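The values are calculated or read from the model by the stated rules, or taken from the named source; none is laboratory data. Since the model is a prediction, treat every value here as computed from it, not as a measurement. Note that each Cβ is placed from the backbone with ideal geometry, even for glycine, and that neighbours are counted across all protein chains shown.
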Amino acid sequence: MNQREERPLPIRYLLASFNEFFKMEAAGGIALMICTVAALVWANSPWAESYFTLWQTKLTVGIGDWMLSKPAILWINDGLMAIFFFVVGLEIKRELLVGGLSTPSQTVMPVAAAIGGMVIPAIFFVALNMGEESIGGWGIPMATDIAFALGIMSLLGSRVPVGLKIFLTAVAIVDDIGAILVIALFYTTSLDLTALTVGVVVLVMMAVLNLRWRIRHSIPYLLLGIIVWFAFLKSGIHATIAGVLAAMTIPAGTRMNCTNFVEKLRNAAETFEMAITPGKTVLTNREQQMALHSMEHAYDDATTPLQNIEHALHPWVAFCIMPIFALANAGVAFEADIFQDLVTPVSMGIFIGLVVGKQVGVTGACWLVHKLGLAQFPDRTTMIHLWGASCLAGVGFTMSIFIANLAFDDGSRLVELSKIAILFASLAAGALGYCILKYMAPDASGGESSED
């Protein structure tokens, strides 16, 4: 009997460990790193052919004449990444409504920093690639991978001021808006007006459901969102744009205010307590079941589809979609001559853009708006903190790889060189930012030295 009771303990501890891991701020970045390393090892192993063959496997979905047949890599980059950008769109809307971009005083410095962090790296890239066939990759060093950047920052714990984390999140959100505009305006090669019209009409329908009919259930928006994604995919505009636009139509209001919510919960709790009967459980106690349903309806009425959908999708994006994207896209075969080709305009433009350009752009913009009196530094944050954050903004990784896939032809040498440069630049920027915040920036936790 004792043995039977003890056997589940290792499983219980294992599940507890997994739960603790998923609660960590850095967990998403760790999952990304594991899949990146796995992709690089697989792509350079004796089984490398199976790696590249797997992602070119054709997958077909459809009914009748409505068929969509694409390689697995495109289902990931056009399909799963649309969900990622949908969540990004929800985060953007939340930040604009109630977050770090909701007031002018909070917005000035992050917006200026993000613009500087996009423009300067692009200028560096263009300067190094002017007249080259790789000039189309100017958008690659503009991107910031928020999961990795915040993951690295979270490793420093209380050394980093909370205001700096909020600042970097706001910068990354504005950076995402910039990346979305770049993709929509400069990396759309063809346009099918019929499909685009269908997508726009359905978007308008989603907006009407929200603003006119006040529909607060998530399902209609998700179903119509799939149609928008398909229409944009067929139109020639990258399907990830559909994810962001669909997110903007998701309701952010509630059907019940706080006072009514508290009152309904209190009444339901009293009913539940009064219905307690010895020998009866919730399974057989109808009054308690009704009280619980009342609490559930109150919760639905007091929350918004925006936060419910974001909360439901975030773990899937962090621990499934982004790691799969990294596994499928980060695998580059390190051939004998690949490192000789790294000192090329495209790779140098990406590396210098991410590692140097982000520092100059973000830090310079923060210093300028502060000197002009347009904005103050975040609470308990110094110029050195902002310098460290600007380095972390140079961790482009997934977003940079995503744009590289759009900028250059699939399978071209430029894509391989771009990915390798992105990996090295992200590693260098992340390590530099960590060291600056760890050993040079004042300790926000109150410790005297940086050696803690």
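Going through region 235-277 one residue at a time, which ones are of a type in the set (Phe, Trp, Tyr) and within 35 Å of the chain's Cα centre (by Cα)? Let's see the steps before the verdict.
To start, the set of residues in region 235-277 that are of a type in the set (Phe, Trp, Tyr) comprises 261, 272.
Correct list: PHE261 only.
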**OP:** Check region 86-96 and report whether any residue there is part of a helix (DSSP H, G or I), without any contact (Cβ under 8 Å) to a residue 24 or more places away in the chain, assigned by TED's automatic domain parsing to the domain that holds VAL61 and more than 17 Å from THR240 (Cα to Cα).
**Re:** yes
Original post:
Of all residues in region 256-286, which are surrounded by 15 or more Cβ atoms within 10 Å (Cβ to Cβ) and touching a residue at least 12 places away in the same chain (Cβ under 8 Å)?
Top reply: MET256, PHE261, LYS264, LEU265, ALA268, THR271, PHE272, ALA275
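Is it the case, given these coordinates, that PHE339 is modelled with pLDDT of 95 or more, among the aromatic types (Phe, Trp, Tyr) and within 30 Å of LEU423 (Cβ to Cβ)? Can you show your working first?
Working: modelled with pLDDT of 95 or more: no; among the aromatic types (Phe, Trp, Tyr): yes; within 30 Å of LEU423 (Cβ to Cβ): yes.
Here the answer is no, as PHE339 does not meet what is asked.
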**OP:** Identify, from the list VAL160, VAL126, VAL182, VAL174, the residue that is among the hydrophobic types (A, V, I, L, M, F, W, C) and under 18 Å from LEU90 (Cα atoms).
**Re:** VAL174
Original post:
Is there any pair linking a residue in region 46-57 that is surrounded by 10 or more Cβ atoms within 10 Å (Cβ to Cβ) to one that is assigned to a helix (DSSP H, G or I), with Cβ under 6 Å and at least six apart or on different chains, and which?
Top reply: TYR51/TRP42; TYR51/ALA43; TRP55/ALA72; TRP55/ILE73; TRP55/ALA328; THR57/ALA72
Original post:
Out of all the residues in region 199-218, is one or more within 22 Å of LYS70 (Cα to Cα) and either small (Gly, Ala, Ser) or modelled with pLDDT of 95 or more (or both)?
Top reply: yes
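Could you grab me the full set of residues in region 26-85 that are of a type in the set (D, E, K, R) and within 24 Å of GLY243 (Cα to Cα)?
Filtering region 26-85 down to residues of a type in the set (D, E, K, R) leaves 49, 58, 65, 70, 78.
Answer for region 26-85, where residues must be of a type in the set (D, E, K, R) and within 24 Å of GLY243 (Cα to Cα): LYS58, LYS70, ASP78.
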Original post:
Among all residue pairs at least 6 apart or on different chains, which show Cβ distances below 8 Å where the first residue, located in region 135-146, is within 18 Å of LEU168 (Cβ to Cβ) and in the same structural domain as ALA428 (by TED's automatic domain parsing) and the second is basic (Lys, Arg) and part of a helix (DSSP H, G or I)?
Top reply: PRO141/LYS358; THR144/LYS358
Subject >> For ILE321: the one exception among (1) modelled with pLDDT under 90; (2) more than 30 Å from ARG255 (Cβ to Cβ) >> reply: (1)
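From the list ALA179, ALA207, ALA170, which one is part of a helix (DSSP H, G or I), in contact (Cβ under 8 Å) with a residue 12 or more places away in the chain and within 30 Å of ALA444 (Cα to Cα)?
Working: ALA179 fails: within 30 Å of ALA444 (Cα to Cα); ALA207 fails: within 30 Å of ALA444 (Cα to Cα).
Answer to the selection: ALA170.
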**OP:** Could you identify the single residue in MET248, MET256 that is modelled with pLDDT of 90 or more and either aliphatic (A, V, I, L, M) or touching a strand residue (DSSP E or B) at 6+ places or on another chain (Cβ under 9 Å) (or both)?
**Re:** MET248
Subject >> Sole exception among (1) at pLDDT 95 or above; (2) more than 21 Å from ILE30 (Cβ to Cβ) for CYS435, by number >> reply: (2)
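Considering only residues of region 323-372 that are of a type in the set (S, T, N, Q) and in a helix (DSSP H, G or I), which is surrounded by the fewest Cβ atoms within 10 Å (Cβ to Cβ)?
Within region 323-372, the first condition is being of a type in the set (S, T, N, Q), and the residues that meet it are 329, 340, 344, 347, 359, 363.
Restricting the remaining residues to those that are in a helix (DSSP H, G or I) gives 329, 340, 347, 359, 363.
On the way: ASN329: 25, GLN340: 9, SER347: 24, GLN359: 24, THR363: 22.
Per the stated criteria, the residue is GLN340.
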Subject >> Qualifying positions in region 86-109 - within 17 Å of the chain's Cα centre (by Cα) and not aliphatic (A, V, I, L, M) >> reply: PHE86, GLY89, GLU91, LYS93, ARG94, GLU95, GLY99, GLY100
Subject >> Condition broken by SER445, with the remaining ones in (1) under 22 Å from ALA147 (Cα atoms); (2) small (Gly, Ala, Ser); (3) not in a helix (DSSP H, G or I) satisfied >> reply: (1)
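From the set of residues in region 375-429 that are among the acidic types (Asp, Glu) and part of a loop (DSSP other than H, G, I, E, B), which is surrounded by the fewest Cβ atoms within 10 Å (Cβ to Cβ)?
The selected residue is ASP409.
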Original post:
For THR304, all conditions in the list (1) exposed (fewer than 14 other Cβ atoms within 10 Å of the Cβ); (2) out of contact with any Leu (no Cβ under 9 Å at 6 or more places or on another chain); (3) not charged (D, E, K, R) hold save one; what is the number of the exception?
Top reply: (1)
Original post:
If you scan region 75-96, which residues turn out to be at pLDDT 90 or above and out of contact with any helix residue (DSSP H, G or I) (no Cβ under 8 Å at 6 or more places or on another chain)?
Top reply: TRP75
Subject >> region 144-202, residues that are over 19 Å from MET248 (Cα atoms), more than 16 Å from the chain's Cα centre (by Cα), surrounded by fewer than 24 Cβ atoms within 10 Å (Cβ to Cβ) and of a type in the set (Val, Ile, Thr) >> reply: VAL162, THR188, THR189, THR194
